[in-house]
1. Suppose all protein chains stay in the model; what accessible area per residue would a 1.4 Å probe give for segment 313-370, in Å²?
2. So which residue, out of G264, G128, G231, gets the largest mean-square fluctuation from a GNM of the chain using Cα contacts under 10 Å as springs?
3. Using the heavy atoms of the protein chains alone and a 1.4 angstrom probe, what is the accessible area of segment 1-53 per residue in square angstrom?
4. Give the lysines reachable from K6 as a straight Cα distance under 17 Å; neighbours fewer than 8 places away on the same chain don't count.
5. Dipole of the chain (Lys/Arg Cβ +1, Asp/Glu Cβ -1, origin at the Cα centre): which of M221, F129, G191 lies farthest to the positive side?
6. Which of P203, Q72, T247 sits closest to the plus end of the dipole of segment 31-263, meaning its Cα is farthest towards the positive end, when Lys and Arg get +1 and Asp and Glu get -1 on the C-beta?
7. Select from Y350, Y32, Y84 the residue whose mean-square fluctuation is largest in a Gaussian network model of the chain (Cα-Cα springs shorter than 10 Å).
8. Leaving out ligands, DNA and RNA, and with a 1.4 Å probe, what % of the accessible surface on the chain is carbon or sulfur?
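The values are calculated or read from the model by the stated rules, or taken from the named source; none is laboratory data. Here the structure is a predicted model, which is why all the values come from computation and not from measurement. Note: ideal-geometry Cβ built from the backbone for every residue, glycine included; neighbour counts use all protein chains shown. Each accessible area value is taken on the protein alone, full model and side chains, heavy atoms only, with ligands, DNA and RNA left out. Shrake-Rupley method; radii C 1.70, N 1.55, O 1.52, S 1.80 Å.
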Amino acid sequence: MAVDAKAKALRAAGRPVIGFGAGEPDFPTPDYIVEAAVRACREPWTHKYTPAGGLPKLREAIAGLHGVAPSQVAVTNGAKQGVYQAFATLLDPGDEVLIPAPFWTTYPEGVLLAGGVPVPVATDESTGFLVTAAQLEAARTPRTKVLLMCSPSNPTGAVYPRAALEEIGKWAVANDLMVVTDEIYQHLVYGDAEFHSLPAVVPELADRTLILNGVSKTFAMTGWRVGWMAGPADLINAALNLQSHLTSNVCNVAQAAALAAVTGDLSAVAEMRVAFDRRRRTIVRMLNEIPGVVCPEPEGAFYVFPSVQDLLDRPIRGRRPASSAELAEIILDEAEVAVVPGEAFGTPGYLRFSYALSDADLVEGITRITTLVNESA
Ligand code: PMP
């Protein structure tokens, strides 16, 4: 968001900045969802407080998606609120949370705010950024309480195959761990990749897992702020105790929009997926044509996470980037292209590109970086 803000400020000042920073679809919310919200605005009940856990109809619809009871669902202000409430609910001070790296920046912050200790578990492109049970076991201590998983992943786009999830899930059960699984990119998978929900793969996990999800990515609804937590009723109750004091109910109009989204079909996301898939293949190809950039082809979400280690400590326009953070700065200053450095995800030496932007901007942005690197070669 910081990179995105800087890019937007430059753009407001008249600079032709191309932004690969945003973690949101570039499409507008589908009309039928917007119309449901417009209708809801006119209904006086939406002007009043409603139950903190969510509108009963929405809770029921979400429960249906996960095959659980409505009491096992909490509607939150985006999945982001779910992250904080999950860790506040699960952690005692000093409890450790295993977080495969690279990770979405919010996870360790949520753990720290709850008094917990984030324990990153490093992965790299040699394994497609997939963590293994053996790596997790090596990081486990007597204080390990929770395993965080995110598939498809922000920032790498990695999608865990079923067998990998099975191994990790069984390991978590065997070691009496709780699991938080972030499934917000579940509908954005490409090619032969398939999304699998961790507790569906390992049913013994159901009573020790909190699922985080929401409408932001699937229905291009990031600004509406509707997400949810699903899991054991006692944990959901505890999370809602907190939520009732923190924020109460999510905006009723936004919940009415979310209800239209989750009870409608998935044709809008199917259309977005076609566009994302096309851009994914274009960006991977173009990035790999830049000498010094190694970009694996991710199978999900809308991010690529290339290694730029070979571009460091080499002159670019008279500057010499010592880190991916400095390289991102040079790219913004010299090519007017915004990307997020790997440092933001606990993994220096990489850049994250979101390909949720127009095909033309994507090609222009990567061409500018290519030119910048080539003229310095
Ligand atoms: N989880 C992941 C992995 C994300 O990338 C994001 C958005 N950046 C979220 C959760 C939060 O989404 P929201 O709060 O809009 O539901």
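1. Numbers: 2090 Å² over 58 residues.
On a per-residue basis, 36 Å².
2. Top of the fluctuation ranking is G264.
3. Working: 3400 Å² over 53 residues.
With the other protein chains kept in place, segment 1-53 gives 64 Å² per residue.
4. K6 reaches no qualifying lysines.
5. M221
6. My answer, from the dipole projection, is T247.
7. Y32
8. Details: 8530 of 15440 Å².
The nonpolar share, carbon plus sulfur, comes to 55 percent.
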